[in-house]
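Here the structure is laid out as structure tokens; the discussion comes afterwards.
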Amino acid sequence: MNVDATVESHKAIGMPDAGPAIPVVSSDGKELASTDPGLKIGRLTPKLSCLLALLLIGSLALILRLHHLGTRGIWFDETFSAMIARLRWSQFALTLWNREANMAFYYLILHFWEKLGSNPEFLRGLSVIFSVAALPLTYSLGARLFDRKTGLIAAWLLAINAYDVRYAQEARAYALVVFFSVLSTWLLVRNLQQQSSPSWGAFTIANVLLVYSHFYGGLLVIAQLVSLLFLPRAAVPWRAIGRSVLWFTLLVLPVPLVIRRIGSGPLNWIKKPDVHQVITFFTIMAGNGGRTLLALSALSLLIAGFRFSQTWRVKQSATERWGYALILSWLIVPVALTLLVSYVQPFFLARYFLFCLPALLLGVAVGITRLRPYFLGVALFLGVSAFALAGTAAGYRTTLDNTDPDGDWRAASSYIFKRARPGDGIFFFFSFGRVPFEYYRSQTSPASIWPEALYAPGGSELQWKHFVFFPLAEVLADTRPAPKRVWVVFNHDGTSQGSPNRASLITVATFAKDRQKIAQKTFPGLTVMLFSGDRNEDPEDDPEVPLPVR
């Protein structure tokens, strides 16, 4: 074997000028000579110290993610996760095929997790696990690309980031996507740095599971391929990468088929992005610390970008270039491509790009560790940390992503269950509404039987049609005859001016026929009406008494 060629290949992605990262090894596993001055620093920092630091960071991260875990009610999207996970396998498959193929792998994991518990805290606990598990991977990735200090700072910033905490406390796939994005990138770096013992199969599987956890994860694969263009051609095992891309393409082939079948309907509610929305996106991603934290993060990224530009001017610095190119591609390419496409069909939504967060924080960590003199780097680190912690504290009080338009289903369901009588029926103007309602029904103690859903294809159990949008006329046609007392729940029923739309007026007229409206209650994003055919029944005016919910 040509040892010199092996050394040069490993140096090409070892970043010798950037820190201790990974020593150059030969095919027999022996460490070769290295000119990396950072290795001396690495020996002064025992692995035990890094392990203890990671344990402290992980402990704080766990505390932040468990704090107020069940304070917010399970919102609309989370109830979809919970109820899809409970479906029989046939209905589970039909639901994925007709509507919810995105996040399919998360639903599969949640199917087994949910059997152990279904209250909000336990459901969200799965995301907490994935969020905390991403921290040591982030450290290791930063250490491989740059040095241990950069890895520790990146893990610390991810631990205290308000946006990561926000979605670690949600029963959706976003924390899982962050985990797979870091794992996939770590495997890519490892494979290139240890070409004598690569794991391209594991890299391929990680990317496949990333896409099946969220379709936007495929953008990371594009970013990874773009980053490889910054490496010397001889340093890239193109044949192995080609095989990986081929297997990846074959294994995710069902995704474009499902997207073509479903169409863009599930994303039609997304608005075309503007400059303000993009700035807000980066402000929240930076840690919810306002413009000050955004400015400090931008300063750190500029420092990292300056160091990246230096690699083009310094002789033989191509070896250091790829680490910067990788994190910048990871951060910029997915967002830029989506913004470009969004001018034709809007696809840009902040939480869909949570997988770019580790890249952002790695870039900030690089800027902090590369800033000179040293005390300025310390000051920058303290400033970023202080505003990030303040942003996380503020995130417990306000929702970083506004989910109010989807309604306070916990309060509305409690109101209805408290007042429902045997024989009552219920109709949901937005047919999806039965999903969160049935979740909260399952959480009542004792379980509430009434009211019964009037639109119930397949009987009392949920089936795939409840997760797919159908026009109101079609839903009304399939609705069984209403009893004397009918509850009607409205959401997404207003015009742009805030008045009821035509479809909601038709719904009111349908159930008001031969009945009188005896109760109406408004909740954030929801309106509940009760119609009764008993002309002697007095309108309800009793104060709301919440039903106990487990």
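The values are calculated or read from the model by the stated rules, or taken from the named source; none is laboratory data. Only a predicted model underlies this, so the values are computations on that prediction, with no experimental measurement involved. Reconstructed Cβ throughout: ideal geometry from the backbone, glycine too, with neighbour counts over all protein chains shown.
Does Gly525 satisfy the criteria of being over 24 Å from Arg72 (Cα atoms) and modelled with pLDDT of 70 or more? Taking the combined requirement at face value, the residue does not satisfy it.
Before we move on, is Ala154 modelled with pLDDT of 95 or more, of a type in the set (A, V, I, L, M) and in contact with a Leu (Cβ under 6 Å, 6 or more places away or on another chain)? Yes. Taken over the stretch 341-355, the criterion of being assigned to a loop (DSSP other than H, G, I, E, B) and β-branched (Val, Ile, Thr) is satisfied by Val344 alone. For the stretch 139-151, the tally of residues that are among the polar types (S, T, N, Q) and either surrounded by 24 or more Cβ atoms within 10 Å (Cβ to Cβ) or within 12 Å of Gly367 (Cα to Cα) (or both) stands at 1. Identify, please: which residue in the stretch 283-294 is of a type in the set (A, V, I, L, M, F, W, C) and in contact (Cβ under 8 Å) with a residue 60 or more places away in the chain and is, among those, surrounded by the most Cβ atoms within 10 Å (Cβ to Cβ)? Ranking the qualifying residues of the stretch 283-294, first place goes to Ala286. Applying the selection to the stretch 409-456, what residues are hydrophobic (A, V, I, L, M, F, W, C) and at pLDDT below 90? Residues satisfying the conditions are Phe430, Phe432, Ala447, Ile449, Trp450, Ala456.
Applying the selection to the stretch 457-477, what residues are on the phi < 0 side of the Ramachandran plot, surrounded by fewer than 17 Cβ atoms within 10 Å (Cβ to Cβ) and in contact with a Lys or Arg (Cβ under 9 Å, 6 or more places away or on another chain)? Listed by number, the residues that qualify are Pro457, Glu461, Phe469. For the stretch 76-107, the set of residues classified as among the aliphatic types (A, V, I, L, M) and crowded, with 16+ Cβ neighbours inside 10 Å consists of Ala82, Met83, Ile84, Ala85, Leu87, Leu94, Leu96, Ala101, Met103, Ala104, listed by residue number. So, Leu302, is that one buried (at least 16 other Cβ atoms within 10 Å of the Cβ), assigned by TED's automatic domain parsing to the domain that holds Tyr352 and either in contact (Cβ under 8 Å) with a residue 60 or more places away in the chain or not hydroxyl-bearing (Ser, Thr, Tyr) (or both) or not? Against the criterion (buried (at least 16 other Cβ atoms within 10 Å of the Cβ), assigned by TED's automatic domain parsing to the domain that holds Tyr352 and either in contact (Cβ under 8 Å) with a residue 60 or more places away in the chain or not hydroxyl-bearing (Ser, Thr, Tyr) (or both)), Leu302 does not qualify.
Might you check whether a residue that is crowded, with 19+ Cβ neighbours inside 10 Å, within 23 Å of the chain's Cα centre (by Cα) and touching a residue at least 12 places away in the same chain (Cβ under 8 Å) occurs anywhere in the stretch 194-205? There is at least one residue in the stretch 194-205 that is crowded, with 19+ Cβ neighbours inside 10 Å, within 23 Å of the chain's Cα centre (by Cα) and touching a residue at least 12 places away in the same chain (Cβ under 8 Å).
A single member of Ala154, Ala171, Ala223 is assigned to a loop (DSSP other than H, G, I, E, B), crowded, with 22+ Cβ neighbours inside 10 Å and not aromatic (Phe, Trp, Tyr), and it is Ala171. When we screen Ile416, Ile426 for residues that are of a type in the set (Val, Ile, Thr), closer than 20 Å to Asp534 by Cα, touching a residue at least 12 places away in the same chain (Cβ under 8 Å) and assigned to a helix (DSSP H, G or I), the only hit is Ile416. One residue alone among Arg502, Arg480 is modelled with pLDDT under 90, over 24 Å from Arg419 (Cβ atoms) and basic (Lys, Arg), and that residue is Arg502. Based on what the data block shows, is Leu209 out of contact with any Asp or Glu (no Cβ under 6 Å at 6 or more places or on another chain), in a helix (DSSP H, G or I) and surrounded by fewer than 23 Cβ atoms within 10 Å (Cβ to Cβ)? Considered against the rule, which asks whether it is out of contact with any Asp or Glu (no Cβ under 6 Å at 6 or more places or on another chain), in a helix (DSSP H, G or I) and surrounded by fewer than 23 Cβ atoms within 10 Å (Cβ to Cβ), Leu209 comes out as yes. A search for C-beta distances below 9 Å between a residue of the stretch 268-279 that is part of a loop (DSSP other than H, G, I, E, B) and any residue that is among the small types (Gly, Ala, Ser) and surrounded by 10 or more Cβ atoms within 10 Å (Cβ to Cβ), counting only pairs 6+ apart in sequence or on different chains, returns Ile270/Ser342; Lys272/Ser342; Pro273/Ser342. For the stretch 313-348, a tally of residues being more than 20 Å from Leu362 (Cβ to Cβ) and either in contact with a Cys (Cβ under 7 Å, 6 or more places away or on another chain) or among the aromatic types (Phe, Trp, Tyr) (or both) returns 3.
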